[in-house]
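The values are calculated or read from the model by the stated rules, or taken from the named source; none is laboratory data. Owing to the predicted nature of the structure, the values given are computational and were not obtained by experimental measurement. Because the Cβ atoms are built from the backbone with ideal geometry, glycine has one as well, and the counts that use them run over all protein chains shown.
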Amino acid sequence: MKNIFITILIITMLALGAGVYLVLKNTGAGQDPPLVPGFPTSTPISPSAPNPDATISIAGEGGSVSVKNFLLDETTVTDKSNPGQYYIAGEFSPASNNPAYSIVYKEKDQAFTIGLWREPLSQTRTHAEEEFLRVLGISKEAACRLRYVISAPYEISPFYSGKNLGFSFCPGAVEL
């Protein structure tokens, strides 16, 4: 009788342990740190089959623009807090090692935001432009057709904050 009781107790404990394991596994406990509102958490995108020749179409003025599929690039990072938002170049936070710029793509709007985080703005914009063209594999003319904003925060430039500076090589760009 004592052996049956011990056997039932062991089976119950194993079943209970398996149940706890499955609950924790399905809720993702222990895998990622909790999200903190206002603080972007990010993870690299894991492409299923990287193809360096792959392209995607992005909406632009006068039709779509074919660009290199930067979403497959190993340096592209997805923002867990904002689904459909990707950090494609630079640092995503101005507090990260004093980055010069960041380039963010918002899939819903098919638009890019380039933040300039360091003076002199003209030099920083030039570096961001070069990286943008390289990552997307496009010409200056094609870049001008895309939806984008290039800006600097008030802390960096009170004079230029709140303005779309534009690509230096596009019509209507602000001269820095």
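Brief remarks follow.
- Filter result for SER122 (in a strand (DSSP E or B), of a type outside the set (Phe, Trp, Tyr) and in the same structural domain as VAL65 (by TED's automatic domain parsing)): no
- Of all residues making up the stretch 141-176, the number that are part of a helix (DSSP H, G or I) and surrounded by fewer than 13 Cβ atoms within 10 Å (Cβ to Cβ): 1
- Selected residue [crowded, with 20+ Cβ neighbours inside 10 Å and either assigned by TED's automatic domain parsing to the domain that holds THR75 or hydroxyl-bearing (Ser, Thr, Tyr) (or both)] from ALA111, ALA89: ALA89
- For first residues located in the stretch 75-87 and in a loop (DSSP other than H, G, I, E, B), partners that are surrounded by 14 or more Cβ atoms within 10 Å (Cβ to Cβ) and basic (Lys, Arg) and lie 6+ apart or on another chain with Cβ distances below 9 Å form the pairs ASN82/LYS106; GLY84/LYS106.
Yes/no per residue for (1) touching a Pro at 6+ places or on another chain (Cβ under 9 Å); (2) among the aromatic types (Phe, Trp, Tyr); (3) assigned by TED's automatic domain parsing to the domain that holds GLY115:
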{"residue": "GLU131", "(1), (2), (3)": "no, no, yes"}
{"residue": "GLY137", "(1), (2), (3)": "no, no, yes"}
{"residue": "CYS144", "(1), (2), (3)": "yes, no, yes"}
{"residue": "ILE156", "(1), (2), (3)": "yes, no, no"}
{"residue": "TYR160", "(1), (2), (3)": "no, yes, no"}
{"residue": "LEU165", "(1), (2), (3)": "no, no, no"}
{"residue": "PRO171", "(1), (2), (3)": "no, no, no"}
